[in-house]
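All of the numbers you see were taken from the coordinates with simple rules; none came from a lab. In this text, all values refer to a predicted model and were calculated from it rather than measured experimentally. Reconstructed Cβ throughout: ideal geometry from the backbone, glycine too, with neighbour counts over all protein chains shown.
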Amino acid sequence: MNKKSFVKQAKKYWPFYVMALPACVYFFINNYIPMGGLILAFEKYTVSGGIFGSKKVGLENFRFLFKSADAWIMTRNTLLYNLVFIAGGTILAIFVAYLLHELKSHISRKVFQTVILFPGLLSIIIVSYLANALLAGDTGYINMHILAPLGIEPISFYSEKKWWPFILIFVHFWQITGTNCILYLANMSAVDPGLYEAANLDGADRFNSFKNITLPCLVPTIITLTTLSVGKIFNSDFGLFYQVPMNSGAIVDVTQTIDTYVYRGLMNTANMGMSAAAGFYQSVVGFCLVMIANAIIRKISRENAMF
Amino acid sequence: MKRKLVSVLLTAAMVATMLVGCGESKTDNEAGKVGTEADQSDSAEVEKIKIYLPSAGKRDDMAKVMEAVNEISREKIGVEVEFKVYDFGQWFQQYSLFLSGTEDVDMLANYGGYLNAVSQGAAYDITDLIQEYGQDIIEMEGDYLKSGEINGVQYAVPIYASYAWNMGIIYRQDVVDELGLGEKVAQVKNLEDWEEILAAVKAAKPDMTPFVTNSGNTAPNFQYGFWDDLGNNYGVLMNGGETADVVNLFETEQYAQLCGVLNDWYNKGYSNKDIQTQTDAFTVLTQNEAAFSTIGQTDFNTAFYQSTSCGKNMGAILLDTPVARTYNNVTYTIMSNTEHAEACMKFMNLWFSDKEIGNLISYGIEGEHYQLNENGMGSYLDGQDASTCTYHLGSAISNTNRIRWESENPDYAEKLVESNSSAQKSAALGFSFDPTNVTNEITQLDNVCSKYQIGLESGALDPETYLPEFIAALKDAGLDTVIAEKQKQVDAFLAANK
C-alpha cells in the first residue's frame, strides 16, 4: 500500500481507525512495551542495576533449560500433550458443534451448549479437587464406589504414571470443548441452507453433506485456530499440569512440562533472569512455528493462509 | 452524515468508558492501601519510611495505631513509619515483586530466608549502620545476629525467636490421656518407639489418622530434621552440626532409616494412603479431629504453642537435645535502593528494644484494642475476639519486648532467653549459604526433589527402591558440585570467624 492511498483510505474510514485506537494503545502498552524486558533473559538481574543496567551474562540463563536430564522429558511432554490437544481438540469441537447444530429443538440446543460450556468456567483449583474426589486412594469415588463393589483392588492413581496421560487429556477436553465449539457452531449456522437443500435433492445423505458442505466451509476457521495454537505449542496450561496431579512427585515423568519445570526449579530461588529466559525461549520457538506453519499453508492454498 | 455522527459519538463514548475504567481501578488501589499519610508540616527533619510485611492479624485501625507509634518514634529518633501489611497468601505472590525494586519499599520482611534478596542485590549492606544505630539489637542477639550475615557483610536482622530446637513428635495429649497411654508415651525415646502408640490410637480411634505430615505436601516431612541443613538440604551437617563436615544427607544411614520407619507406618496404615497429595497441614487436620500426631520442629514452647494453634491439649516429645542453628526464617532487610537507610536502622533498633512500640505494633492501643487482665497479660476487649477486634497485628521483631497475650506461655520471654543462651550451638551457627555460583544445579536439584522427596519422607515410596534412584538423580543433577561449594563456603566462614 503506498502512502497516498493510505491517506485516502484513512480519510474515508477514519471512524474505524478511531475505534481501533483503544485496542492499539492497549496492545502497545500491554504487549509491546514490556518486550523491552526480554533483555532480562540475558542478564543477572540485580535491583540496584535495574532492568537495563544489570550485568549481561549472554546465554548463561538458558543453560538450565537444556542441561538437565529432564530437558528431554519436559519437551516431549509439552509437545505431545499439545499435539493431542490441538488435533483431538479440533476434531472433538467440530463433532460436538455438528451434533449441537443438528439439534432441531432450540431449547435443548441451548441447554446442551450451556452444560458443555460450564466446565470451562470453573477454576482449575476446583477442577483439581473434583478430580481428587474421584481419584483419591482412600476416599475417592472410583475406588470406593466403583472398584470396591466389583471386587477390584483399589488403584493408587496419584502414584501410578500410566493413568495420567488419559486423565489429563480427558480433563482438558472436558474443560475446553465447550468453549472451542462455539466458533465452529457459529460458522455452521452461517452456511447457506440452500446448499443443504440442493444436496438433499441430489440424494446426499447426512455424512455426505457434512463431508462436502459443512467441512469445506469450516476449513478457514480450522486453519486459523490451528496456526494460532501451534504458536503456543511450547507453552502449557500450568494449572492442568501442576494442580490437577496435586503436585504428586511419583507421576512427574508424565506431568512435567516446561512451565511446571520452570516453576518447580525457580520457585525457591526467584531468579528473574532464568524465568525470563524460559519465557523468551517459549515465545521464540512459538513464533518460529507460527511462521513455518503459515508458510506451509500459503504454499498449499494461498487464500487460506493468515498472512 | 447522521450515521457518521452516531459512530463518532459511539467511539468517543467507548474511549471515555475505558478511561473511566482505568481511573476507577486506580482509586481502588489507593483506597486499598493500609496506613496513613503523616503530617506534611514537619517533614523537613522527620524521615518517613515504609515497611512491608505479611500478617494474618487484624489491622482495620492501622492509621490510628501508626499515629501513636509515630508520636513516639518522631520524638525519639525523628522517623515516621508506615506499615504496608499483606495477608500471607498474597505476600508470597508479591514478595518477588517487592524484591524487584519497582515498589516504594524501604524495609522488608523476609519469610523463609533472605538469600534471594541478597542474590538479587535488594538487601542493603547494614554492617556499619547496625554498629552505629543498632546497639540494642547487637546486645540482645549476640552470636545469633550472624544469621543475617554473608561473607562478613550484615544484610539482615533475624527476629529474636527460638533458635534452639530439634526434630520431635507432636501429638494430641488429650487423646493420650483418654486412652491411658501416658506411661508409654513417657518412655518414647526415638521415632520407632512411637509405633506402639500409633497402633493403639488406630485401634481405638478408627476415624482419626494416627500419623500425618506437618505441613501437608507443601514441604518435605523432614524439613526440621536432626541435622543442620545449612539453608537447603543439599549438603548438611549431621547431628545438629557436631562437626563442620558437609555431607550428603540423602546418603546417610539416618535418612534411610527415617524413610524406612515412615514407609513401614504407611504400609501398616498408620498414615493415610493419600499422604502424598494431602494439602492440609497438621494444625487444620487436628482442629477437625482428623489427625493424632506428626513430626516437626520442637522446642521448650512447642506443646504450649501447638495447643493454642490447634485448639486442643497438645504434647511434644523432643527426639534429641535442642541445637541452635542459623536462623533466618524471618528476617528484616533494608532495601538497597532506599534513600532512608539510616532511618530504617534507627527504627528497627527502636522496634527491637522499646516496649511501648513493641506493644503498640503487636496489639494496638491499650483500652482501645486490648486490655490487661489481672495477671498483666493481654486479652481482647470484653465482647470482642480475634475476628471482631479492630487491631491485632501480632507482628514483632523481638519476642521479648512486649506483654504476653493471655494464650501465651506466661514465662515465655525468660524461657526463650534462657533456651537461646544455654543451647548447644551448631558448628556453622550464623553461616548462610550463597547459592549464586550453583544456581543451575539448584534449579535441577529442586526439580529432582519435587519428584522424590515428598514421597520418600512421607513414607509413600519404598526407600529400598526409590532412595537409590533419588540419590542417583541428585548426583546427575550436580549435588556433589553443590556440596563441594557449600564445604568451601563453610570453611571460609569458619576461618573468618575464628
Exercise for review: List the aspartates and glutamates whose Cα lies under 16 Å from the Cα of A:Lys55, skipping any in the same chain that are fewer than 8 positions away.
Suggested key: A:Glu43
Review point. From the phi of every residue in the range A:89-97, what ³J(HN,Hα) in whole Hz does the Karplus formula 6.51 cos²θ - 1.76 cosθ + 1.60 yield, where θ is phi - 60° and glycine or proline is x?
Key: x, 5, 4, 5, 5, 5, 4, 5, 4
Practice item. Per residue of the range B:400-409, in order, report the coupling 6.51 cos²θ - 1.76 cosθ + 1.60 (Karplus, θ = phi - 60°) as ³J(HN,Hα) in whole Hz, putting x for Gly and Pro. Key: 10, 9, 8, 5, 7, 7, 4, 7, 8, 5
Check your understanding: Which residue, A:Leu59, A:Leu79, A:Leu218, tops the fluctuation ranking in a GNM of chain A built on C-alpha contacts under 10 Å?
Key -> A:Leu59
Check your understanding: Once the Cα atoms of helix B:194-204 and of chain B are each reduced to a long axis, what angle between those two axes, in degrees from 0 to 90 to the nearest 10, is obtained?
Key -> 80 degrees
Practice item. For peptide B:274-282, compute the average count of partner chain beta-carbon atoms within 10 Å of each residue's beta-carbon. Key: 5
Review point. Order of B:Lys76, B:Lys486 from fewest to most other C-beta atoms within 10 Å?
Key: B:Lys76, B:Lys486
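Near B:Gly182, within a Cβ-to-Cβ distance under 14 Å, what is the net charge of the other residues, with Lys and Arg +1 and Asp and Glu -1?
-3
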Study note, to complete from the structure: A student applying the Cα gyration tensor rule (rounded when a/c is under 1.5; otherwise prolate if a/b is larger than b/c, oblate if not) would label chain B rounded
Practice item. Collect residues whose amide H, placed 1.01 Å from N in the peptide plane, falls under 5 Å from the amide H of B:Ile150; neighbours closer than 5 in sequence don't count. Key: B:Tyr155
Study note, to complete from the structure: Of the listed links A:Lys67/B:Lys425; B:Lys48/B:Lys355; A:Lys44/B:Lys64; A:Lys44/B:Lys146, those spanning more than 32 angstrom between alpha carbons are A:Lys67/B:Lys425; A:Lys44/B:Lys64
Study note, to complete from the structure: Relative contact order as a percentage, the range A:65-304, C-alpha pairs under 8 Å and 6+ apart, gives 30 percent
**Study point:** 5 angstrom amide H check on B:Gln424, placed H, neighbours 5+ away
**Key:** B:Ala324
Study note, to complete from the structure: With -39,500 (n - 2.57) per DSSP H segment of 4 or more residues and division by the full residue count of chain B, the 222 nm estimate, nearest 500 deg cm²/dmol, is -13500 deg cm²/dmol
Study note, to complete from the structure: Quick note, the range A:203-307: a/c under 1.5 would make it rounded; otherwise a/b > b/c is prolate and the rest oblate (a ≥ b ≥ c, C-alpha gyration tensor); here it is oblate
Exercise for review: Please give every one of the lysines within straight-line cross-link reach of B:Lys184, meaning a C-alpha to C-alpha distance under 24 Å, and leave out same-chain neighbours fewer than 8 residues apart.
Suggested key: B:Lys202, B:Lys205, B:Lys268, B:Lys312
**Study point:** Rel. contact order, % - alpha carbon contacts under 8 angstrom, at least six apart, the range B:116-210
**Key:** 17 percent
**Study point:** Theoretical ellipticity at 222 nm over chain A - DSSP helices of four or more residues, -39500 (n - 2.57) apiece, nearest 500
**Key:** -19500 deg cm²/dmol
Study note, to complete from the structure: Quick shape check on the range B:151-239: root eigenvalues a ≥ b ≥ c of the Cα gyration tensor, a/c under 1.5 is rounded, otherwise prolate if a/b tops b/c, else oblate, and it reads prolate
Point to revise | From phi via Karplus (6.51, -1.76, 1.60), per-residue ³J(HN,Hα) for the range A:177-184 in Hz, x at Gly/Pro | key: 4, x, 5, 4, 7, 4, 5, 5
Revision key, fill the gap. Amide H contacts under 5 Å for B:Gly235, restricted to residues at least 5 apart in sequence or on another chain and with H modeled in the peptide plane, are B:Leu249
